[in-house]
Each structure stands twice: as C-alpha cells, then as structure tokens.
C-alpha cells in the first residue's frame, strides 16, 4: 500500500529487483534549518547596515550645512571683489538655527595677479575643533 508521504517505484532488471523510495512531502528538517540560518545571517547584515546609516545621518547633515556656509562665505568674498588679507579672518554665521564659525584667508600663488582663497567652517570658534567643511577657490586681481 502507498501512503500519502511516500511512494515506491519498483524497477525490474534482468539480474536484480530493487526499490527506490521518493519523498513527496517536501524539505527535510535540515534543509529548513539551513535556509533559516542563511536568512537570519542576511537579516543581521541588513539590520547592521541600516543602523549604521541612521547613526551617520546627523554627521552628514552637519557636513552638508557646513558646506552651505562655506559656499555662502566664498560667494560673499567673490562679490566684494577685493583681495583678502593673508592672515586668517573670522566670521560667525547663522544657518538652520545653528551658529557656524568660518575663517578665511588668501594665499599667494606663482602669479601676482592670482590668489587662492581658503574657507574653513567649524561648529566652535576654536582652531582645535574639527573642520566640517573646507573650500578653496581662486580670485583674479
């Protein structure tokens, strides 16, 4: 008699007679456990990447805002159309309800009519605090 979970095929050859059993039910317990383990490992990797992205979001926001402050300061300098001093000058800005501190200067180049302009942006008015953005542009006399 053939059950619902298994059936038997009988093969006859001239020299021997043997039976082969085939499972109709599906996957074995080992296969299911292996598949679940692989899914768990993949899930942990995705969760780790997501938490890393969430953790980096405020840092990226600060750097984007600092870059906007640097761009605004550089635009101001270019609109004035005057040479800057070679020593650092400082200025305070407000953007997104936060205070930003910039410092900027000009640097001599090989050409007397051509200077580099550097702008640095920080959250504190201290040279030891980390720079969140730096920008270099050039100005013609």
#### Entry: Relative contact order %, segment 6-140, counting alpha carbon pairs below 8 Å whose residues are six or more apart
16
### Task
Report, in whole Å, the centroid distance computed from the Cα atoms of segment 91-141 and segment 23-73.
36
#### Entry: Theoretical FRET efficiency, 1/(1+(r/R0)^6), r = Cβ-Cβ of residue 97 and residue 37, R0 41 Å, to 0.05
0.25
## Note on the structure
Length-normalised contact order of segment 60-106, Cα under 8 Å, at least 6 apart, in percent, tallies to 36
### Task
Can you bin segment 98-141 into rounded, prolate or oblate? Criterion: square roots of the alpha carbon gyration tensor eigenvalues sorted a ≥ b ≥ c, rounded for a/c under 1.5, prolate for a/b above b/c, oblate for the rest.
prolate
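Every read-out reported here was derived from the displayed coordinates using simple, explicitly stated rules and does not represent laboratory data. All values derive from a computational prediction rather than experimental measurement. For neighbour counting, all protein chains shown are included, and Cβ atoms are generated from backbone atoms with ideal geometry for every residue, glycine included.
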